[in-house]
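Read the structure below first, then the notes.
Every read-out reported here was derived from the displayed coordinates using simple, explicitly stated rules and does not represent laboratory data. None of these values were measured; they are calculated from a predicted model. Positions of Cβ are generated from backbone atoms using ideal geometry, with glycine treated the same way; all protein chains shown enter the neighbour counts.
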Amino acid sequence: MGGVPWSEGEGDPTTQIQMLHDTLSSGSSRAQIDAHLLAFYVDSKRPNPLLVLTKEDTYHYHALPDLMRFMRQSISFNDWTLSTVGVFMAPFCLQIKRQMNRHIPTQSTRCERAALVNLLHGLLLGLYPYNLKHMTFDHRVRIAGSIRRVMTSDALAQTQFILDNEQLLLFSMVEYLSNVIPDFCPVEEALLIRSMQCRYSINQICENFRSSAMDCIMGDSMWESLNSLAASQLPVLLRQLKLNNHKFCRRPYTCPRIPAPVWSTLTESFDALLAMRHVPVTGCNMIAQVKITQPGLSFLELQAAEYFWNNVFVCSLPSNIAMGQMDALDAMGSCTVHQTSFTVMNVCLLCALRTKTSLLTQKFAYNCTTSMLQCSSCSRKATPVSMLGRVLRVKSSSYFLCTRCMKPTLWDGTSTFHMCRQCIVPEKPQNMALCAVCDHKAIDAVGNILDVASLKMVRVPLCSLHARACVRSTVYDMLSLANDLHQ
């Protein structure tokens, strides 16, 4: 994150810009120049030095938002309509030219919409590591100011902007993913990217787009022209994705109503299905692959095997998480039988496929005559599954062992594998009765203060003395508020 050149905003910004342009050939002044863009957008003749951005706020590669949690959520649930960000990621992962659902942007949060618009900085300003072509300073000033205006607009204006500039935002999302995934996401890179040439091909197309976009920036209809240009070059971009990327295999959802003969066959041949050699699920018809491994099966048995393999499978966790689970077992210091009780999960897969209940709510009874566990619902023998270092997925639900308490946990697609919700210690409620500065009785509270450490807006209680030192019309973060209160 560090190492970004920075201008402190002292002196005449016009003179600073001229000096920085003189040293631009060295390649170390680009971020310093970009720190002055908003100041020149507000007033190009007499820019205010106070509007020069800080090192943390200037435009550079690492200042772009982290949107990978939306990709992981979409991959986990096989659904690319869970968020507006996921909809724009779908063409990169599924290689389809998909029109955006018009109802999704109205359901998205303000942070999601602002993050999508923020990606336009990377595309139009050329912030990625391999971007060589850059627009003139006047073009970049117009871009930074226009994007800033959209990001600070109300929800209705942002939603309309996303709907009107879908192709342009999709263009920026593809360039973002083609750079961020190879740099920071090795797991997603192994799943999605087939060739390293993809990144360079995408960057070359985006370089050509920036060269052509210079004619559209200074006009009155800037966004309309840019979106039309992106729409004309989008087919070339999608062809490169098909050539260089893997098509993400969407595992099919469970059929809501499985035919009765197939379900009956699945119930009768369940033990034989568990003993069969498993074939990895692919995007094509699985019946032909099952037929190769078991040529003697009937068509109903082939359908039952296909249904079972598409909805029940086990995959391995990353080695660091598996080692964390082993360390938790070692800390218990118990016998093998006790540790097996933590790592082996007894489930009834037929009940899990037939109903919508979670595996964590299933109940079993011990049969003293046969010495086995039986499902309390269907009386079938429970299936033991070793969960150490593994994820069990049944339909669209994934289960894993918490690395702290070693209890089976349902993954919601957004949390980490390191701890379950029961192991997360909730934050203590903020004491609003005492002043945050002097511990006297608080009579007022300042709201909408940005806490950079936790990335959230907070309220700060103040007493009568310190409440007078706070300027209500000023936008504060915790550091600037503390500076004003201690003056």
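For the chain, what class follows from the C-alpha gyration tensor (a ≥ b ≥ c being the square roots of its eigenvalues): rounded when a/c is under 1.5, otherwise prolate if a/b is larger than b/c, else oblate? Oblate shape, in that a/c is at least 1.5 and b/c is the bigger or equal ratio. Taking a ≥ b ≥ c as the square roots of the eigenvalues of the Cα gyration tensor of the range 327-423, is the shape rounded (a/c under 1.5), prolate (a/b larger than b/c) or oblate? In terms of gyration-tensor shape, oblate. Rounded to the nearest Hz, the phi-derived 3J(HN,Hα) couplings of the range 196-207 under the Karplus curve 6.51 cos²θ - 1.76 cosθ + 1.60 (θ = phi - 60°) are 5, 5, 4, 4, 6, 5, 5, 5, 5, 5, 5, 5, where x marks glycine and proline. Panel order for 207, 112, 175, by other beta carbons found within 10 Å of each beta carbon, from fewest to most: 207, 112, 175. Counting beta carbons within 10 Å around each of 216, 111 and listing the fewest first gives the order 111, 216. Ranked by the mean number of other Cβ atoms within 10 Å of their residues, highest first, the peptides 123-134, 328-339 fall in the order 123-134, 328-339.
Across the range 181-187, computed HN-Hα scalar couplings (Karplus, 6.51 cos²θ - 1.76 cosθ + 1.60, θ = phi - 60°) run 4, x, 7, 10, 10, x, 5 Hz from first to last residue, x flagging Gly and Pro.
Annotation: amide H-H contacts under 5 Å for residue 312 (H modelled 1.01 Å from N, sequence separation of 5 or more, or interchain): 395. For the range 132-245, the Kirkwood radius over C-alpha pairs fed into Stokes-Einstein at 10 °C and 1.306 mPa s yields D = 104 µm² per second. Among 89, 202, 54, pick out the residue whose Cα is farthest towards the positive end of the charge dipole of the chain, where Lys and Arg carry +1 and Asp and Glu carry -1 on C-beta, about the Cα centre. So the residue furthest toward the plus end is 89.
Starting from the Kirkwood radius over alpha-carbon pairs of the range 260-314, derive D by Stokes-Einstein at 20 °C in a medium of 1.002 mPa s and give it in µm² s⁻¹. In µm²/s, the coefficient rounds to 192.
Amide H to amide H distances under 5 Å link residue 419 with 403, where only residues 5 or more positions off or on other chains count and H is placed in the peptide plane. The phi-based Karplus calculation (6.51 cos²θ - 1.76 cosθ + 1.60; θ = phi - 60°) puts the 3J(HN,Hα) values of the range 456-472 at 8, 8, 10, 10, 10, x, 9, 7, 5, 5, 7, 5, 6, 7, 9, 8, 5 Hz, whole numbers, x for Gly and Pro. Taking the fewest neighbouring Cβ atoms within 10 Å as the starting point, the ordered list for 369, 54, 84 is 369, 54, 84.
Based on C-alpha pairs under 8 angstrom that are at least 6 apart in sequence, the range 444-485 has a relative contact order of 40 percent. A Cβ-based charge dipole, computed about the Cα centre of the chain with Lys and Arg at +1 and Asp and Glu at -1, lands at about 1760 debye.
Highest mean packing comes first when the peptides 359-367, 305-313 are listed by Cβ atoms within 10 Å, giving 305-313, 359-367.
Calculated [222 nm] ellipticity per residue, helices only, for the chain: -14000 deg cm²/dmol; basis is -39500 (n - 2.57) per DSSP H run with n ≥ 4, divided by all residues, nearest 500.
Take residue 405, project a point 7 Å from its Cα along the Cβ direction, then tell me which residues of the range 312-326 have their backbone nitrogen under 17 Å from it. Only 325 fall inside the zone, counting backbone N under 17 Å.
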